[in-house]
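The values are calculated or read from the model by the stated rules, or taken from the named source; none is laboratory data. Just so you know, these numbers come straight off a predicted model, no measurement behind them. Methodologically, a virtual Cβ is constructed for each residue, glycine included, from the backbone with ideal geometry; neighbour enumeration extends over all protein chains shown. Surface accessibility is based on the protein's heavy atoms, side chains included, excluding ligands, DNA and RNA. Shrake-Rupley method; radii C 1.70, N 1.55, O 1.52, S 1.80 Å.
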Amino acid sequence: HAVIPFGVTPTPLRPVAHVGASIGKEIPVWDIRHKFGDTNLLVVNMEQGRDLADLLGGNNVILMRGHGCAVTGTSVQGAVMTAIYLQVNAQLLQDTLNMHDEVEYLSDGEIDLCAETFLSDFSVQRAWEYFQRRAGAESM
């Protein structure tokens, strides 16, 4: 839910914390209404899915106006980690914007370096183990 305001306002969602770096430098917003008119905001057919995927391009995250987001990764574990910290970053940015409208976002270089570390095999595996323990699914 924390990402929805960034898909329905002109305020861009950008990384403000190192754990948010894997969301990328620019997060596109897909508005299903632009091509498909009034819908239930869900992707329900291949034409809609392809349109969403086209705008996603090489990004890890795309916001879906009024609905939420889609997240990709090189592994399920990496995509889950990005999705979790996408929400964290969105909430941090909302909190920051409530304090002041001048925000010190991560630089492009910081995003690259943080994402490289954050999405490394070691980091993803450690995070996945942590998420499994929190979910009570350690044996998986």
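With runs of 4+ DSSP H residues as the only contributors, calculate the mean residue ellipticity of the chain at 222 nm using -39,500 (n - 2.57) per run, divided by the residue total and rounded to the nearest 500.
Estimated from H runs of four or more residues: -15500 deg cm²/dmol.
Would you mind working out the accessible area per residue for the range 1-134, using a 1.4 Å probe, and quoting it in Å²?
That works out to 59 Å² for each residue.
Which GluC sites (Glu not before Pro) from the range 72-140 combine a DSSP loop assignment with at most 15 other Cβ atoms within 10 Å?
For GluC sites (Glu not before Pro) across the range 72-140 that sit outside H, G, I, E and B with at most 15 neighbouring Cβ atoms in 10 Å, the list reads GLU102, GLU104, GLU138.
Using protein chains only and a probe of 1.4 angstrom, how many square angstrom of TRP128 are accessible, to the nearest 10?
About 60 Å², rounded to the nearest 10.
5 Å is the cut-off here: which amide hydrogens, built 1.01 Å from N in the peptide plane, fall below it relative to TRP30, excluding neighbours closer than 5 in sequence?
When sequence neighbours closer than 5 places are left aside, the close amide H contacts are LEU63, MET64, ARG65.
Which of the helices in the chain, when you take each full DSSP H run, stretch at least 24 Å along the axis at their Cα atoms and have an average Kyte-Doolittle score of -0.5 or higher?
Sorted by number, the helices that extend far enough and score high enough are 76-99.
For the range 1-81, give the percent of accessible area contributed by carbon and sulfur heavy atoms, probe 1.4 Å, rounded to a whole number.
54
Rounded, prolate or oblate: pick one for the range 26-140, where a ≥ b ≥ c are the square roots of the eigenvalues of its C-alpha gyration tensor, a/c under 1.5 means rounded, and failing that, prolate if a/b is larger than b/c, else oblate.
It is oblate, given that a/c is not under 1.5 and a/b is not larger than b/c.
Hey, what do the phi angles of the range 35-45 turn into as Karplus ³J(HN,Hα) couplings, whole Hz, using 6.51/-1.76/1.60 and θ = phi - 60°, x for Gly and Pro?
9, 10, x, 6, 9, 8, 6, 9, 7, 10, 8
Using Cα-Cα distances under 8 Å and only pairs 6 or more residues apart, what relative contact order does the chain have, in percent?
Relative contact order comes out at 33 percent.
Which of rounded, prolate, oblate describes the range 66-117, given a ≥ b ≥ c as roots of the alpha-carbon gyration tensor eigenvalues and a/c under 1.5 marking rounded, otherwise prolate only if a/b is larger than b/c?
oblate
Once a ≥ b ≥ c are taken as the square roots of the eigenvalues of the Cα gyration tensor of the range 7-50, is the result rounded (a/c under 1.5), prolate (a/b larger than b/c) or oblate (a/b not larger than b/c)?
Cα axes put the range 7-50 in the prolate bin.
Starting from the Cα of SER120, step 7 Å along the direction of its Cβ; do the same at VAL88; then give the gap between the two resulting points in nm.
Here the modelled spin labels are 1.7 nm apart.
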